[in-house]
Amino acid sequence: MNKQIRTAIIGCGGIAFGKHLPSLSKIKEAGIVAFCDLIPERAEKARAEYGLPEAKVYTDYTELLQDESIEVVHVLTANDTHAEISIAALRAGKHVMCEKPMAKLADDAKRMTAAAKESGKKLTIGYNNRFRSDSLTLKKIVQDGTLGEIYYAKAHAIRRRGVPTWGVFLDEEKQGGGPLIDIGTHALDLTLWLMDNYEPSIVLGRSFHKLSSKENAANAWGPWDPAKFNVEDSAVGLIVMKNGATISLEASWALNIMDVQEAKTTLCGTEGGADMVGGLRINGETHGKLFLNQISLDAKGADFYEGQSDSAPDLEMRSWYDAILHDTEPLVTPEQACVVSEILEAIYESSRTGKAIYFE
């Protein structure tokens, strides 16, 4: 197809330059014609590197949305503005890709879902870990029944010392939380998608502020400022689904643990199990013996040929623009992402109240 989809970027920070813009530059059907950021220099930089010659720069997203020629908007701002901007864009007749998490609050995620339905426009959320090779392969394995009924799972989002010290990551008002809503959201989305189970019944959770007060702490991005660290440093949750299946979710930026796994899952089924430890492993029983298979995920076909493979963000963007071009449903639907937000919020609420949260 020769059609070029006129695209706008709202929020020209790290996630724009680190993920969206490089991947969009590989999509020939995507033409970026507008960039918006509260800091005009960042929008100007994005335009210079990735914009079409006629691309414009804005500091007010409402002005950008008045351009009727814009067809797609990528919302890459702080969590507390996801709903406001996404809903406005949908109502302005634009398709929307919003970065994860869907929203700071579950009610906002529900409003976004409703706005997408009312507008007839597509809305997807940036859960790019679904597009990894191990994730896509495991989805096929689950779908063909190799694992049987999945009744227990673990969603892993564990860093030993990986506290993001830039931007608004440590600001609860802007973000809604710490590692649980930042990286735990990826692990939970991946696990729910692989299980194809979006009906929570009971949630019990606990968030911790144990290491955030340490001065001059060892950290991948340098010591954090304890005075500004007002979100949790780690959190855990237990989610029981309506059919009895149970998920254990663990998330941390700072935790004294050596078993570090981020955006990974472990699945336990009646016929077999799977995990993402050192790749993709499938375990089971055959002829009275236990087995463990390591799935080869590289693209090589011969020793002298490395093969070709696309990154998860590249595949995510390709899939998103294919959904627009062919009028199909995106892989990540707003209804699915909304459930993720509801569960995360329930974990935080359970931690605050000390009580289990029950879903109707």
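Descriptive notes on the structure:
- Restricting 215, 262 to those that are under 25 Å from the mean Cα position of the chain (by Cα), surrounded by fewer than 19 Cβ atoms within 10 Å (Cβ to Cβ) and either modelled with pLDDT of 95 or more or not charged (D, E, K, R) (or both) reduces the list to 262.
- The stretch 160-210 - residue that is closer than 18 Å to residue 253 by Cα and of a type in the set (A, V, I, L, M) and, of those, surrounded by the fewest Cβ atoms within 10 Å (Cβ to Cβ): 168
- When the stretch 49-59 is filtered for residues that are open to solvent by 80 Å² or more (accessible area, probe 1.4 Å) and over 14 Å from residue 16 (Cα atoms), the ones remaining, listed by number, are 53, 54, 56.
- Exactly one residue out of 154, 110, 139, 121 is closer than 23 Å to residue 193 by Cα, touching a residue at least 12 places away in the same chain (Cβ under 8 Å) and touching a Gly at 6+ places or on another chain (Cβ under 8 Å): that is 121.
- Per-region count, the stretch 141-195, residues hydrophobic (A, V, I, L, M, F, W, C) and modelled with pLDDT under 95: 2
- Number of the exception - residue 201 against (1) of a type in the set (Ser, Thr, Tyr); (2) more than 17 Å from the chain's Cα centre (by Cα); (3) assigned to a loop (DSSP other than H, G, I, E, B): (3)
- The helices (runs of 4 or more DSSP H) found entirely in the stretch 66-159 that carry 3 or more residues being open to solvent by 40 Å² or more (accessible area, probe 1.4 Å) and farther than 30 Å from residue 257 by Cβ are 106-119.
- Residue 32 being assigned to a strand (DSSP E or B) and either aliphatic (A, V, I, L, M) or more than 24 Å from the chain's Cα centre (by Cα) (or both): yes
- Test: residue in the stretch 305-318 that is open to solvent by less than 60 Å² (accessible area, probe 1.4 Å), modelled with pLDDT of 95 or more and in contact with a Pro (Cβ under 9 Å, 6 or more places away or on another chain): yes
The values are calculated or read from the model by the stated rules, or taken from the named source; none is laboratory data. The shown structure was predicted, so the numbers you read here are calculated from the model rather than taken from an experiment. Every residue, glycine among them, receives a Cβ derived from its backbone with ideal geometry; neighbour counts consider all protein chains shown. These area figures cover heavy atoms from the full protein model, side chains too; ligands, DNA and RNA do not enter into them. Shrake-Rupley method; radii C 1.70, N 1.55, O 1.52, S 1.80 Å.
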